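Colleague: A single structure is presented below for examination.
The values are calculated or read from the model by the stated rules, or taken from the named source; none is laboratory data. Remember, predicted model here, so these are calculated numbers, not experimental data. Glycine also receives a Cβ, built like all others from the backbone with ideal geometry; neighbour counts cover every protein chain displayed. Surface areas here come from the heavy atoms of the whole protein model, side chains and all, with no ligands, DNA or RNA. Shrake-Rupley method; radii C 1.70, N 1.55, O 1.52, S 1.80 Å.
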Amino acid sequence: MKAELRSLPRSLADLVAQHLVASGRLLDDDPELAYKHARTARRLAARLGGVREAVAITAYLAEHYDEALTEFRAVRRMTGNHEVLAMMADCERALGRPDKALALARDKHVHDVSEATQIELLIVAAGARRDMKQLAAAIQTLEVPELTKRTRAEWLPRLRYAYADALEAAGRTEDALEWFHRAAGADADGSTGAAERAAQLEGLEFTDLDEDDDYDEPTDEADLVDESEPTDEPELVDEAESIGEPELADDPATTDEAESADESALADEAELADEPEPADEADQADEVELVDEPADEANLVDEAELVDEDDVPADEAEFPDEPAPADTETPEKPEN
């Protein structure tokens with residue numbers, strides 16, 4: 001494509017390239033918009049084979065089969081590229097001309113194209129046979145050695161899926177189920193939907209786990225909202241009503257200080273009765289503080305500290321076995 005763009009003036013080549021890049025980026029997500037970008041590039045540089053091929057492919061994906069077929073023919077004539085034969089045959093089939101699709105499948109250049117294009121031509125030819133109500137011929141068209149080939153090529157799951165679909169259309173359900181499973185085994189991306197078809201034949205319901213995860217997230221958040229803190233207040237109101245004093249539920253003091261209606265009722269009764277019991281309890285507590293055994297022990301300890309051997313009176317300090325002499329003067333009482 002770069003080699004073809006060099007034949008244009010620099011500014012024009014940049015503009016055409018921008019439209020082609022935009023067309024390629026939008027090809028999978030928005031084929032219609034990709035087709036419009038390709039048409040703009042064709043208006044600016046209609047003599048470039050790469051531009052005409054971009055228009056043909058985007059028109060084919062956007063289901064503009066008439067224009068796509070015209071552009072594919074132009075591509076073959078301008079570039080000699082025969083890889084577009086499979087898409088041309090599919091356009092003929094989409095336009096309701098299965099006989100012309102079969103004619104393209106027998107084109108003399110079929111053996112010059114890649115293996116992937118040859119497999120696609122077989123699939124289109126089998127579809128054309130089915131359009132013509134020739135189910136046995138469609139199955140026979142797809143019975144090729146490539147069905148059992150061990151490869152990671154993208155065409156293998158498509159070939160097996162087409163073969164299983166033809167078997168199911170012919171009423172061979174058991175064989176169709178086997179080949180749907182084999183197609184699913186080769187389809188790592190799940191692009192063919194073979195696993196879903198196999199589940200339908202087995203009577204199972206196929207569930208997409210990714211969609212379930214996305215759906216469960218908002219429900220979990222709703223559950224969290226329902227289990228929020230404000231649910232405690234209605235419970236207090238209901239308990240207050242069961243006691244028979246609805247005015248307590250409206251009292252903010254009871255809702256802040258009391259955790260249950262029973263405790264709030266007891267608090268209200270104590271306030272209304274004005275009984276002196278708390279005061280008596282306080283007096284008793286004071287009396288208990290005055291009569292405290294550890295305090296007595298402390299006093300005893302203090303008295304023991306005050307009494308010292310030097311402080312004992314003289315009459316008590318005399319030894320009972322050795323009486324004092326008569327002429328000895330009695331010692332004076334020491335000061336405390």
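Colleague: Among the residues of region 58-77, is any closer than 21 Å to Leu159 by Cα and at pLDDT 95 or above?
Modeller: yes
Colleague: Working only within region 1-26, note down all residues that are farther than 24 Å from Arg77 by Cβ and crowded, with 18+ Cβ neighbours inside 10 Å.
Modeller: Listed by number, the list holds a single entry, Leu26.
Colleague: Could you check how many residues of region 104-121 are aliphatic (A, V, I, L, M), under 13 Å from Trp155 (Cβ atoms) and in contact with a helix residue (DSSP H, G or I) (Cβ under 6 Å, 6 or more places away or on another chain)?
Modeller: Here the count works out to 3.
Colleague: Give the residues of region 132-145 that are open to solvent by 50 Å² or more (accessible area, probe 1.4 Å), in contact (Cβ under 8 Å) with a residue 12 or more places away in the chain and not hydrophobic (A, V, I, L, M, F, W, C), sorted by residue number.
Modeller: The one that is open to solvent by 50 Å² or more (accessible area, probe 1.4 Å), in contact (Cβ under 8 Å) with a residue 12 or more places away in the chain and not hydrophobic (A, V, I, L, M, F, W, C): Glu143.
Colleague: Checking Tyr163 against (1) modelled with pLDDT of 95 or more; (2) of a type outside the set (A, V, I, L, M, F, W, C); (3) surrounded by fewer than 16 Cβ atoms within 10 Å (Cβ to Cβ), which test does it fail?
Modeller: It is condition (3) that Tyr163 fails.
Colleague: Considering only region 74-160, give the helices (runs of 4 or more DSSP H) lying wholly within it that have at least 1 residues that are over 30 Å from Gly185 (Cβ atoms).
Modeller: Counting at least 1 such residues, we get 85-94, 98-105.
Colleague: I need the full set of residues from region 97-131 which are touching a residue at least 24 places away in the same chain (Cβ under 8 Å) and open to solvent by 40 Å² or more (accessible area, probe 1.4 Å), in order please.
Modeller: Asp99, His109, Asp112, Ser114, Glu115, Ala116, Glu120, Leu122, Arg129, Arg130, Asp131
Yes/no per residue for (1) within 26 Å of Arg42 (Cα to Cα); (2) at pLDDT 95 or above; (3) of a type outside the set (Gly, Ala, Ser):
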| position | (1), (2), (3) |
| --- | --- |
| Met87 | yes, yes, yes |
| Arg97 | no, yes, yes |
| Arg106 | no, no, yes |
| Ala126 | no, yes, no |
| Leu159 | no, yes, yes |
| Ala170 | no, no, no |
